[in-house]
Amino acid sequence: GLRALLARPEPGGGVSPSFLLVLMVFVGMSAPSPSVKWAALACGLLVDIQGGPVGEPILGPAALGFLLGGYAVVQLRSLVFRESVAALAVMTFVVGILVQLAYVMLYAIRNLPVTP
């Protein structure tokens, strides 16, 4: 319900937030390591199914990006207080940067020309 409240409708489309990254980081800070990997993969696949910058859904780039983000959460969660809202916000920011870098890198690699 919060997504519709925060959406920015515009004539040519609109923008609405996705809270899957926050969910993945929250699960990553409190769940065992194997569960974090599966949750990150599931969240990434949900983002991939929504469609990417090329229009049609391509399974893989966001899933691998979220998997990298889940790995980062598992490695960094021993450095922060798990019950802290500020730690969740900072961790979401850091992991969001990693996820988007991997996402953009994979789409850039996909568009490289292949010459024999």
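The values are calculated or read from the model by the stated rules, or taken from the named source; none is laboratory data. Only a predicted model underlies this, so the values are computations on that prediction, with no experimental measurement involved. Please note: Cβ atoms are built from the backbone with ideal geometry, for glycine as well, and neighbour counts cover all protein chains shown. When the accessible area is computed, the model is the full protein with side chains, heavy atoms only, and any ligands, DNA or RNA have been set aside. Shrake-Rupley method; radii C 1.70, N 1.55, O 1.52, S 1.80 Å.
Out of the residues in region 3-26 that are open to solvent by 40 Å² or more (accessible area, probe 1.4 Å) and of a type in the set (Val, Ile, Thr), state the one that is modelled with the highest pLDDT. Among those residues, the one meeting the criterion is Val22. If I go through region 1-43 residue by residue, how many of them are among the basic types (Lys, Arg) and in contact with a strand residue (DSSP E or B) (Cβ under 7 Å, 6 or more places away or on another chain)? So the count comes out to 1. Give me the residue from region 28-57 that is open to solvent by less than 40 Å² (accessible area, probe 1.4 Å) and among the hydrophobic types (A, V, I, L, M, F, W, C) and, out of that set, farthest from Ile109 (Cα to Cα). Going through the qualifying residues, I end up with Ala31.
Residue count for region 97-115 satisfying the condition of being open to solvent by less than 90 Å² (accessible area, probe 1.4 Å) and more than 21 Å from Pro57 (Cβ to Cβ): 2. Go through Val22, Val80, Val95, Val99 for me and flag whichever is touching a residue at least 40 places away in the same chain (Cβ under 8 Å) and more than 17 Å from the chain's Cα centre (by Cα). Residue meeting the stated conditions: Val80.
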